[in-house]
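Chemist: Before I ask anything, here is the structure I am working with.
The values are calculated or read from the model by the stated rules, or taken from the named source; none is laboratory data. Source: prediction; values computed, not measured. Positions of Cβ are backbone-derived with ideal geometry, glycine not excepted, and every protein chain shown enters the neighbour counts.
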Amino acid sequence: MVIFDRVSKQYEDGHEAVKEFSLEVKDGEFLVMIGPSGCGKTTTLKMVNRLIEPTSGTIYIGQKDITKEDPVKLRREIGYVIQDIGLFPNMAIEQNIDIVPRLLGWSKEKRKQRVDELLSLVEMDPEVYAKRYPSELSGGQQQRIGVLRALAVEPPLILMDEPFGALDPITRDNLQEEFKVLQKKLNKTIIFVTHDMDEALKLADRIVLMKDGEIVQVGSPDELVNSPADEFVSTFIGSSRMENYKRSETR
Amino acid sequence: MERVFLLTVEHLQLSLMGVLIALLVAIPLGIFIYRYKGFAGVVLSLTDVIQTIPSLAMLALLMLVFGLGNTTVIAALVLYSLLPIVRNTYTGLNNVSPSLIEAGRGMGMTRFQRLRYVELPLALPVIMAGIRVATVTAIGIATIGVLIGGGGLGVLIWRGIQNTDTQMILMGSIPAALLAILADFLLGKIEKRLIPKGMN
């Protein structure tokens, strides 16, 4: 699905955010990138929809080298969810959800149908919510809409940049559960950035742990917990979390 | 009485004409310096300087170019209206949250689409505030247009001063003041209608 081939990003000030990053993300995989702040995870994510251009290396989506694509067209084919939610306060919920369909010129009926479908997916009654404005919704509801907006044109790939980071713990928990179920049902490929290890262990098929722009370890949650590559990995996961995880596995 | 009414209408026409022409220049200019920030300093200082020229001096200077009459008054009003509208357009656009702009980019909006659907609507309250300031200022400055042969309510005020005719001064100044208040009120109403519901 997505292949990173020795991708590097050096900023103008000389700082090397990502170094020779190579990875293959499989179809339908839930990939979580995690690491301390400044490790390059967000930069890596944003290179996939060309919000940031790599200095060297190539990213392929499907068979296509993304630098050969028109960035505007490319972005419309990739779902994108950000931490600050980024709903447009001047647009009603339905308009927020159907932005990309509108950009792509879908008919009014088709858009309306899609909005209803999506709202029902997260059990928000379209009759109640479609015409409301973001400011009238709770944080959790807003981010549900943020996720729906990314799903609107059924992109096979969705990028998520700490989407649940700004929510309170209970709302975050609910949304994680909900989203995990949704992802399995819709069979999307997800690249998900977080700094929250609990979140990573809970959601990921595979975790990429990064530090200083490089991959430290790639593996399933089980692999990371049971055979951490080095001291940094085990410290980053934390001993108590490892204990908890192992205990819940054996149960 | 009919004279007062006609002069009031003329006063309003002069003021609105000045603000409208200024809008056509100032909003695109505000957008331009938002996009090309390198020009922002120059454009804003220039409009700032224009603003500080005393109005009588401005009218006299413009009179040298446009001669006596309403054209000169309108030209002065255009120049005075530039600053609040350019500055507020620029500030309003700059205040749009970067995360919203990134969300727009990330979803595949072109620059124009971002401006049209995100940046301008969100900057609108600030832009409208600039237009209100410009309009009220224009109504005020238009009263001295009479000194270079312009029309409007200044005619009554000026004649009243010359003849120490209190009644005539009031017949000019009260409608002028009411006009300013009314214009501000109506623009406030328009603002409410223009600004999307979710943003209050």
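Chemist: I'd like the full set of residues that are part of a helix (DSSP H, G or I) and out of contact with any strand residue (DSSP E or B) (no Cβ under 8 Å at 6 or more places or on another chain), limited to the stretch A:150-179. Show your work before the answer.
Modeler: Going residue by residue through the stretch A:150-179, those that are part of a helix (DSSP H, G or I) are A:150-151, A:169-179.
Across the stretch A:150-179, the qualifying residues are A:Pro169, A:Ile170, A:Thr171, A:Arg172, A:Asp173, A:Asn174, A:Leu175, A:Gln176, A:Glu177, A:Glu178, A:Phe179.
Chemist: Within the stretch A:123-138, work out how many residues are at pLDDT 90 or above, part of a loop (DSSP other than H, G, I, E, B) and of a type outside the set (Gly, Ala, Ser).
Modeler: 6
Chemist: Return the total of residues in the stretch A:103-140 being in contact (Cβ under 8 Å) with a residue 40 or more places away in the chain, farther than 22 Å from A:Gln176 by Cβ and crowded, with 18+ Cβ neighbours inside 10 Å.
Modeler: Result for the stretch A:103-140: 1.
Chemist: Do the conditions hold for B:Gly198, that is, is it surrounded by 14 or more Cβ atoms within 10 Å (Cβ to Cβ), within 14 Å of another protein chain (Cβ to nearest Cβ) and either aromatic (Phe, Trp, Tyr) or in a helix (DSSP H, G or I) (or both)?
Modeler: Numbers: surrounded by 14 or more Cβ atoms within 10 Å (Cβ to Cβ): yes; within 14 Å of another protein chain (Cβ to nearest Cβ): yes; either aromatic (Phe, Trp, Tyr) or in a helix (DSSP H, G or I) (or both): yes.
Answer is yes for this residue.
Chemist: Let me ask you something else. For the stretch A:210-251, what are the residues that are basic (Lys, Arg) and either exposed (fewer than 14 other Cβ atoms within 10 Å of the Cβ) or part of a strand (DSSP E or B) (or both)? Walk me through how you get there before you give the answer.
Modeler: The first filter runs over the stretch A:210-251 and keeps only residues basic (Lys, Arg), leaving A:211, A:241, A:246-247, A:251.
Once the filter is applied, which keeps residues that are basic (Lys, Arg) and either exposed (fewer than 14 other Cβ atoms within 10 Å of the Cβ) or part of a strand (DSSP E or B) (or both), the stretch A:210-251 yields A:Lys211, A:Lys246, A:Arg247, A:Arg251.
Chemist: Continuing with this model, one more query. Run A:Glu29 past the list (1) of a type in the set (Asp, Glu); (2) surrounded by fewer than 15 Cβ atoms within 10 Å (Cβ to Cβ); (3) more than 14 Å from chain B (Cβ to nearest Cβ) and report the number of the one that doesn't hold.
Modeler: It is condition (2) that A:Glu29 fails.
Chemist: Here is a follow-up. Could you list, in sequence order, the residues of the stretch A:10-62 that are assigned to a loop (DSSP other than H, G, I, E, B), more than 19 Å from A:Ala204 (Cα to Cα) and in contact with a helix residue (DSSP H, G or I) (Cβ under 8 Å, 6 or more places away or on another chain)?
Modeler: Passing the criteria: A:Asn49, A:Arg50, A:Leu51, A:Ile52, A:Glu53, A:Pro54.
Chemist: Can you name every residue in the stretch B:132-175 that is of a type outside the set (Val, Ile, Thr) and within 17 Å of the chain's Cα centre (by Cα)?
Modeler: From the stretch B:132-175, those of a type outside the set (Val, Ile, Thr) are B:132, B:134, B:138, B:140, B:142, B:145, B:147, B:149-154, B:156, B:158-160, B:162-163, B:165, B:167-168, B:170-173, B:175; that's our starting set.
Residues satisfying the conditions are B:Arg132, B:Ala134, B:Ala138, B:Gly140, B:Ala142, B:Gly145.
Chemist: Here's a check for you: in the stretch A:74-110, which residue that is facing another protein chain (nearest Cβ under 8 Å) and assigned to a helix (DSSP H, G or I) is farthest from A:Gly140 (Cα to Cα)?
Modeler: It comes out as A:Leu74.
Chemist: Within the stretch A:141-155, can one find any residue that is surrounded by fewer than 17 Cβ atoms within 10 Å (Cβ to Cβ) and closer than 30 Å to A:Leu121 by Cα? Give the derivation first.
Modeler: The first filter runs over the stretch A:141-155 and keeps only residues surrounded by fewer than 17 Cβ atoms within 10 Å (Cβ to Cβ), leaving A:154.
Adding the requirement that they be closer than 30 Å to A:Leu121 by Cα leaves A:154.
Within the stretch A:141-155 (the criterion being surrounded by fewer than 17 Cβ atoms within 10 Å (Cβ to Cβ) and closer than 30 Å to A:Leu121 by Cα), the answer is yes, since at least one residue qualifies.
Chemist: If B:Gly154 satisfies every condition in (1) of a type in the set (Gly, Ala, Ser); (2) within 30 Å of B:Gln13 (Cβ to Cβ); (3) touching a Lys or Arg at 6+ places or on another chain (Cβ under 9 Å) but one, which is the exception?
Modeler: Status for B:Gly154: all satisfied but (3).
Chemist: Moving on. Return the total of residues in the stretch A:35-55 being out of contact with any Asp or Glu (no Cβ under 8 Å at 6 or more places or on another chain) and aliphatic (A, V, I, L, M).
Modeler: Counting residues in the stretch A:35-55 that are out of contact with any Asp or Glu (no Cβ under 8 Å at 6 or more places or on another chain) and aliphatic (A, V, I, L, M) gives 2.
Chemist: Output the residues belonging to the stretch A:89-102 that are closer than 11 Å to B:Met109 by Cα and surrounded by fewer than 20 Cβ atoms within 10 Å (Cβ to Cβ).
Modeler: First, the residues of the stretch A:89-102 that are closer than 11 Å to B:Met109 by Cα: A:99-100, A:102.
A:Arg102, the sole residue that qualifies.
Chemist: How do the helices (runs of 4 or more DSSP H) wholly within the stretch B:1-113 filter down when requiring 3 or more residues that are over 30 Å from A:Ile85 (Cβ atoms) and either touching a residue at least 60 places away in the same chain (Cβ under 8 Å) or among the basic types (Lys, Arg) (or both): which remain? Let's see the steps before the verdict.
Modeler: Values: elements: B:2-35, B:40-52, B:55-66, B:70-94, B:98-106.
The qualifying helices (runs of 4 or more DSSP H) are B:2-35, B:55-66, B:70-94.
Chemist: Let me ask another. Can you tell me how many residues in the stretch A:186-202 are under 29 Å from A:Glu117 (Cα atoms) and either within 11 Å of the chain's Cα centre (by Cα) or not acidic (Asp, Glu) (or both)? Spell out how you get there, then give the answer.
Modeler: In the first step, residues of the stretch A:186-202 are kept if they are under 29 Å from A:Glu117 (Cα atoms); the result is A:186-194, A:199-200, A:202.
Pick out the ones that are also either within 11 Å of the chain's Cα centre (by Cα) or not acidic (Asp, Glu) (or both) and you get A:186-194, A:200, A:202.
The number of residues fulfilling the criteria is 11.
Chemist: Only one residue in B:Gly130, B:Gly145, B:Gly140, B:Gly160 is surrounded by fewer than 18 Cβ atoms within 10 Å (Cβ to Cβ), of a type in the set (Gly, Ala, Ser), assigned to a helix (DSSP H, G or I) and away from chain A (no Cβ under 14 Å). Which one?
Modeler: On the way: B:Gly130 fails: surrounded by fewer than 18 Cβ atoms within 10 Å (Cβ to Cβ); B:Gly145 fails: surrounded by fewer than 18 Cβ atoms within 10 Å (Cβ to Cβ); B:Gly160 fails: surrounded by fewer than 18 Cβ atoms within 10 Å (Cβ to Cβ).
From the options B:Gly130, B:Gly145, B:Gly140, B:Gly160, the qualifying one is B:Gly140.
Chemist: I'm checking my understanding of the structure. Among residues of the stretch A:49-66 that are surrounded by fewer than 18 Cβ atoms within 10 Å (Cβ to Cβ) and within 25 Å of A:Arg149 (Cα to Cα), which one is nearest to the other protein chains (Cβ to nearest Cβ)?
Modeler: Residue satisfying both the conditions and the ranking: A:Ile52.
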